[in-house]
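Working notes, structure below.
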Number of protein chains: 2
Amino acid sequence: MNIISLTLWTLEHNCYYVYTVLIVFFIGFTVVHKNRLEANLNRTAATKKKLARNWNSGRERDFPDDDDPDHLVPAIPEDTPHVPYKPPQRTDEEILRRSREYYELMAQRRTVRAFSPEPIPDEVLNNIIKTAGTSPSGAHTEPWTFVVVQDQSVKEAIRTIVEEEEELNYTQRMSRQWVTDLKPFATKHIKPYLSEAPALLLVFRQTHSWRADGKKKMHYYSEVSVAIAAGILLAAIQYCGLVALTSTPLNCNARLRELLSRPVNERLELLLPVGRPHQNATVPDLSRKTLSEIMVKI
Amino acid sequence: MNIISLTLWTLEHNCYYVYTVLIVFFIGFTVVHKNRLEANLNRTAATKKKLARNWNSGRERDFPDDDDPDHLVPAIPEDTPHVPYKPPQRTDEEILRRSREYYELMAQRRTVRAFSPEPIPDEVLNNIIKTAGTSPSGAHTEPWTFVVVQDQSVKEAIRTIVEEEEELNYTQRMSRQWVTDLKPFATKHIKPYLSEAPALLLVFRQTHSWRADGKKKMHYYSEVSVAIAAGILLAAIQYCGLVALTSTPLNCNARLRELLSRPVNERLELLLPVGRPHQNATVPDLSRKTLSEIMVKI
């Protein structure tokens, strides 16, 4: 019996017990979920006290109508002057040499899952984040916040949250094909690198922000802008001689945002452990697609 | 009278003429749309003949059930060996020096809207695309195709399509606040750089692909993977001494995919003119957010 005929049958027979089962199931689900939420809150309360800070939050602000004609002022002054742009000129030979050199450097980049605990100089972290901050963004809105975690107890609290969600992801939320496709990478829900790497970089996307005049500032193309910035961040990490792991923490947004006291207009997009590779680090022996597989010339 | 009471009123009064008006409107809309589609087809037919190629298309293939237990084979061999990873070790001083050097280089990058027509060596285009191909991707699916257009008539056909859609975007599809926020950048629907830049790079995202055994290959996190690859592409363009314009061609996907004969499993995400800046190129006198505005340290 398919779903349509089942629905028709229940409607025809006025099966109140079907609705009763659904309602009971819904109440049960809510109660279970409530208990889990409370357990999580208790677990992270101690860590959160350490993180008490002034939120740059807009929770209580007004959201003026996006198209209110009385507020049609650009986020950046409309009379912003345009100035000449004269970057250093390079000859064809120089461009060619540098394009080869850069490819060779970037081709050595690999995703690493075992880190040396050796700390990274603070200025290096600052410089790679400043580099990510040079990325282009829709209407120059720069919709990113980079949270750098070096505190051991906060790294461990992040690991606890990610491992709990990943266990559910692997066993319940991801398709069996997805779990199968990840087997060659030897990934699992246990993630020691989250507490072992010297720094975790959490890349948050600001869905919007606020202007000095209190009006909501729209962030256009924030998803693609933040991911492009993450690409430039990975390039900076590789260039200076460090390694990273590009992870997308499925279903961890709400709990990690709460743990790190990020405002409601921010959403976690990527979580990158950064450091030096562990001396015993291994990587799967993969090759990349060839140029002819990824490029079409017209 | 609001829409709900209008609906109720028409239902109560059995107003067949209301439905007739809607049907006539629908037929009229379809006819108008059909004419526009035909006009577009005629306009691009000449260009398309030049582009006739073997599609790597999966249009007629089967889509086996993602979770069919008889097909649970990973896309990459499950017994892929893991090998030691020993990149060159760098001292703290070297890491620090390189992180500064790279920041200074990337901070000079600007989005440029006026290009010199001077061509780029072909190997440079190959190298920057090879570099983008070193990017990480969900389960190593490498879900990207880079289409490089240097043919003048194809560049002009692209410009025609983008300008037509952008005129509609600016006048009808984008919010007034969005159009207002773009004013400081002096962007408009006329885009001379699309026919003047020596090369256009069109970044397509493969939503999925097919394995050698004919089974559908799932591409996990393809959006973020492709945008990260675009970030690494922009870094490569900057490193070798060229400039680009990061554009997101709103509503141009179907027409550009058709023009460039890309298969139905690909979607246009970004369109980047690449080249040297025009000698009179200007950029808006913008500053970037400071480190303390984009970074939180814990």
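A few remarks follow.
- At 1.306 mPa s and 10 °C, Stokes D of region A:111-283 from Kirkwood alpha-carbon radius, µm² per second: 94 µm²/s
- Region A:232-293: translational diffusion in µm²/s, Stokes-Einstein, Kirkwood Rh over Cα pairs, 10 °C, 1.306 mPa s: 109 µm²/s
- Only alpha carbons enter this Debye calculation for region B:87-141, each as an equal point scatterer, and the log10 of I(q)/I(0) it gives at q = 0.14, 0.19, 0.22, 0.30 Å⁻¹ is -0.74, -1.07, -1.09, -1.06.
- Region A:145-238: C-alpha gyration tensor shape, a/c 1.5 cut-off, then a/b vs b/c: prolate
- Long pairs among A:297/B:215; A:188/B:216; B:155/B:191; A:155/A:191; A:217/B:289; A:130/B:183, criterion Cα-Cα beyond 20 Å: A:297/B:215; A:188/B:216; A:130/B:183
- The 1.4 Å probe gives accessible areas that order A:178, B:144, largest first, as A:178, B:144.
- Label-point distances for residue A:87 to the equivalent site in the other copies, using a point 7 angstrom along Cα→C-beta, read 2.3 nm when ranked shortest first.
- Where region A:176-215 is the region considered: accessible area per residue in Å², 1.4 Å probe: 35 Å²
- Residues listed by number, region B:205-247, amide nitrogen under 16 Å from residue B:104 label point at 7 Å toward C-beta: B:239
- Sequentially through region B:83-89, phi angles give Karplus couplings (6.51, -1.76, 1.60; θ = phi - 60°) of 10, x, 10, 10, x, x, 7 Hz, Gly and Pro residues having no value and appearing as x.
- Inter-copy label distances at residue A:288 (7 Å, Cα→Cβ; nm, one decimal): 2.3
- Across the identical copies, how the residue A:187 labels are spaced - nm, sorted shortest first, 7 Å along Cα→Cβ: 3.2
- Summing both sides, the accessible surface hidden between B and A at a 1.4 Å probe radius is close to 11400 Å².
- Accessible surface of residue A:175 - all protein chains present, 1.4 Å probe, nearest 10 Å²: 30 Å²
- With R₀ fixed at 30 Å, the C-beta to C-beta distance from residue B:5 to residue B:171 puts the FRET efficiency at about 0.40.
- Model label sites at residue A:91 and residue A:151, defined 7 Å from Cα along the beta-carbon direction, differ in position by 5.5 nm.
- Computed E for residue A:213/residue A:188 - FRET, C-beta separation, R0 51 angstrom, nearest 0.05: 0.55
- Trypsin sites (Lys or Arg not before Pro) restricted to region A:117-215 and DSSP loop, no more than 15 other C-beta within 10 Å: A:188, A:211
- Protein-protein interface of region A:222-260, residues with accessible area decrease of at least 50 Å², isolated chain reference, 1.4 Å probe: A:227, A:228, A:232, A:239, A:240, A:248
- Chain B residue nearest by beta-carbon to the axis mapping B to A, with distance in Å: B:231, 1.
The values are calculated or read from the model by the stated rules, or taken from the named source; none is laboratory data. Since this is a predicted model, take the numbers as computed values, not measurements. For neighbour counting, all protein chains shown are included, and Cβ atoms are generated from backbone atoms with ideal geometry for every residue, glycine included. Accessible surface is based on the protein model in full, side chains and every heavy atom, while ligands, DNA and RNA are left aside. Shrake-Rupley method; radii C 1.70, N 1.55, O 1.52, S 1.80 Å.
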